[in-house]
Amino acid sequence: METKVGWLNGIVVVTKEGVIRFDPSSKKTQEYTYTFISHAHSDHIRGLNSRCYLTAETKDIISSKNCKEEIQKVSTLKYGDELTIGELEISVHNSGHILGSAQYVIRDKNLTIVYTGDINFRKMMTTTAAEIVPCDILILETTYGNPFYVFPTLTETYVNVINWAISEIQKDRIPTFVVYSVGKAQEIIKIFNNFTNIPVRVSHTIAKINEAYIKNGVNLKYLDIAFEEQEGIEPKFIQVISTFEKPILLNRCSFASASGWALKHHNSNKKYFPLSCHADFDELIDYVKCVKPKEIFTIHGFKADFSRYVSKKLGIRAQPIPIIDQKDLRIFM
């Protein structure tokens with residue numbers, strides 16, 4: 001299989017069978033034979049069209065975000081499915097990032113390419129760990145691809161999250177988590193559902209996305225802030241909102257964020273918890289050792305740092321994904 005890997009409005013793999021794009025950053029479609037979406041975060045879905053594939057769970061989440069007209073055009077796949085394009089076989093595997101998130105494997109007789117999408121190797125409240133697929137060429141997400149970013153155990157983080165919330169409630173405050181509406185919000189809800197009896201109130205945006213999770217087997221217990229009377233509410237609950245949304249009873253809120261970036265943030269006005277749906281540096285290194293690629297292209301975050309480290313320490317050829325030239329696609333248009 002003659003291939004070229006690069007970036008042009010998304011991850012692009014140029015093959016003799018056509019141009020395959022992953023996670024479009026643009027709605028332009030004419031250059032691409034097929035488009036594959038790894039997950040439902042908004043920066044990965046800017047190119048939904050009739051030649052677009054994603055998992056059914058991802059489609060449900062996108063639909064809940066009021067993209068119904070665009071999402072009707074796409075085709076769905078499930079983990080383990082294989083799609084044949086000429087001599088190529090493209091299969092779908094769990095990436096462990098959020099509900100329905102996928103990594104894609106391109107195979108022919110002589111070569112295997114893996115695009116991880118956003119990847120996570122820990123079993124969390126709402127996801128299972130990513131599958132390990134050996135390959136020749138690895139297109140790897142390296143958001144936390146720097147040795148500084150090594151996360152504590154999930155158990156330690158869960159305990160800290162719950163203890164902080166209980167402490168704030170005892171102070172007559174309302175613990176308020178400001179997080180991504182897809183993935184992180186549901187993880188926070190599930191932590192309190194599974195380990196406490198503390199009620200959870202969520203913004204209406206998050207409530208709509210929760211419906212997609214429940215439809216796909218993730219049980220969540222919560223109250224929608226939009227439909228709750230605010231007068232006389234006792235501050236014995238937590239609330240989960242996304243950025244730019246207003247909490248109820250603002251003057252009684254204590255704010256927290258949950259993200260891998262918490263390792264570098266310090267702010268007396270907000271509590272930070274290093275809870276991430278991405279792999280940390282050590283997990284990325286272990287993954288590379290497991291899949292044993294001959295070549296790695298890194299994307300996002302510390303892509304240059306990680307490439308240098310892998311090249312030097314593991315002896316594997318690695319580089320940040322290069323920008324691909326438009327002319328390299330024209331033979332397939």
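Table for the structure above
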read-out	value
So residue 158, is it surrounded by 15 or more Cβ atoms within 10 Å (Cβ to Cβ) and in the same structural domain as residue 200 (by TED's automatic domain parsing)	yes
Hits in the stretch 252-289 - residues which are farther than 18 Å from residue 119 by Cα and not in a strand (DSSP E or B)	252, 262, 263, 264, 265, 266, 267, 268, 269
Of residues in the stretch 195-204 being of a type outside the set (A, V, I, L, M, F, W, C) and touching a helix residue (DSSP H, G or I) at 6+ places or on another chain (Cβ under 9 Å), the one modelled with the lowest pLDDT	204
Cβ pairs under 9 Å, 6+ apart, first in the stretch 1-12 and touching a residue at least 24 places away in the same chain (Cβ under 8 Å) and over 17 Å from residue 88 (Cα atoms), second surrounded by fewer than 16 Cβ atoms within 10 Å (Cβ to Cβ) and among the small types (Gly, Ala, Ser)	8/26; 9/26; 10/26
Answer from 111, 54, 83 - the residue that is farther than 26 Å from residue 276 by Cα and touching a Leu at 6+ places or on another chain (Cβ under 8 Å)	83
Residue 282 vs. criteria of a type in the set (D, E, K, R), out of contact with any Cys (no Cβ under 9 Å at 6 or more places or on another chain), closer than 24 Å to residue 120 by Cα and outside the structural domain of residue 158 (by TED's automatic domain parsing)	yes
Residues that are buried (at least 18 other Cβ atoms within 10 Å of the Cβ) and under 14 Å from the mean Cα position of the chain (by Cα), drawn from the stretch 121-136	121, 122, 124, 126, 127, 130
Exclusive hit being surrounded by 16 or more Cβ atoms within 10 Å (Cβ to Cβ), in contact with a His (Cβ under 6 Å, 6 or more places away or on another chain) and among the hydrophobic types (A, V, I, L, M, F, W, C), set 90, 98	98
Within the stretch 61-83, considering residues that are among the charged types (D, E, K, R) and at pLDDT 95 or above, the one farthest from residue 105 (Cα to Cα)	78
Verdict on residue 275 being in contact with a helix residue (DSSP H, G or I) (Cβ under 9 Å, 6 or more places away or on another chain), over 22 Å from residue 160 (Cα atoms) and buried (at least 19 other Cβ atoms within 10 Å of the Cβ)	no
Subset of the stretch 304-328 (residues that are basic (Lys, Arg) and farther than 16 Å from residue 114 by Cβ)	308, 312, 313, 327
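Every residue, every condition in (1) under 23 Å from residue 23 (Cα atoms); (2) not in a helix (DSSP H, G or I), yes or no:
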site: 144; (1), (2): yes, yes
site: 156; (1), (2): no, no
site: 201; (1), (2): no, yes
site: 218; (1), (2): no, yes
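The values are calculated or read from the model by the stated rules, or taken from the named source; none is laboratory data. Please read these numbers as outputs of a predicted model, since none were measured by experiment. Counting neighbours? That spans all protein chains shown, and the Cβs are built from the backbone with ideal geometry, glycine included.
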